[in-house]
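Nothing in this text is a laboratory measurement; each read-out follows from the coordinates by a stated rule. All values derive from a computational prediction rather than experimental measurement. Cβ atoms come from the backbone with ideal geometry, glycine included; neighbour counts cover every protein chain shown.
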Amino acid sequence: MRRTKNYGGPLLALCLALSGLSSAYADTTTTTVTTKTTAIDSPSFVLPSSSYVVVDPLTGEIKGDYTVGSRILNGLPLSGNYVVMDKVARRLVGTFDANGNLIDIASAPAASDVIVTVDAHRTAVENQIDAMLRAEAITPAQADTMRMDIARLFPATTTTTRTVTYNNALTADSELYSVQARLLPLSTKTYTSTKVVTPRFLSVNGQLILPDDLTARRMQLERRLSDEYVSGHLSRDQMLALRSDLNAVANKEVAFRSGGLMSSNDAATLTADMNAMQSRMDQCLANRNAGLQIGTKVIVP
């Protein structure tokens, strides 16, 4: 059984403020969610010149182009149930208050549906950990490590007034996918790459982005490779070899995207390359873990 490590770097503490969502908040007192709003014409929140689209935060689906100052999209009023994304950088920048004014996503409260969805995701991951522990697919130590990682995202608190921002909620959701990515090879007890856990949004340097499937996959592999090496699960030679493979994939992606839209054949090529790279990394981890179980002497492949 391989050792586990927290993926996702520094975890942002998420304070989910809706009462009655889960046992994780059983000791939470009466809660009031406060809303910070910044009008679109406020000097403190001005969108830079770019192209923007409106996105459904529950699915990551782009609903249409956003015109700065508009309060309506496709004949329907804009609300906190939508977020605005920079179309070029694919970075989330804002949402809307009750009057349809654009407000900063870093301070804007997440929609209640988003909070409930993130909390349901947390419960599903915890249930998966419990099921795998009962099946002896993971050790108690591995289960405890993953539970502690989740607990850092959803801390119990007695704070009576707090704001659950979109940044908090969607960052925590992204980190839950990181825990699932660690469970995946353990759950099958084989090291295949037939399944990939892909988050809707990724937190990169404190900013939320909406990657396409290929970019999300590559970024996930990059983060996992770095963390496995830092944790001592991969040797330096293994890390460098796998890093070279991943750099080759990134270079191919740049070339494939240079002409605009990527063809389906190019996308399939990148997917196959990343599948092969993930299989090699999983096999390195499996071999190393087998060496650790032989005795006190560590055998590194």
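Rounded, prolate or oblate: which fits the stretch 57-139, taking a ≥ b ≥ c as square roots of the Cα gyration tensor eigenvalues, rounded meaning a/c under 1.5, else prolate when a/b beats b/c? Verdict is prolate for the stretch 57-139. At an R0 of 22 angstrom, the distance between the Cβ atoms of residue 51 and residue 255 translates into a FRET efficiency of 0.35.
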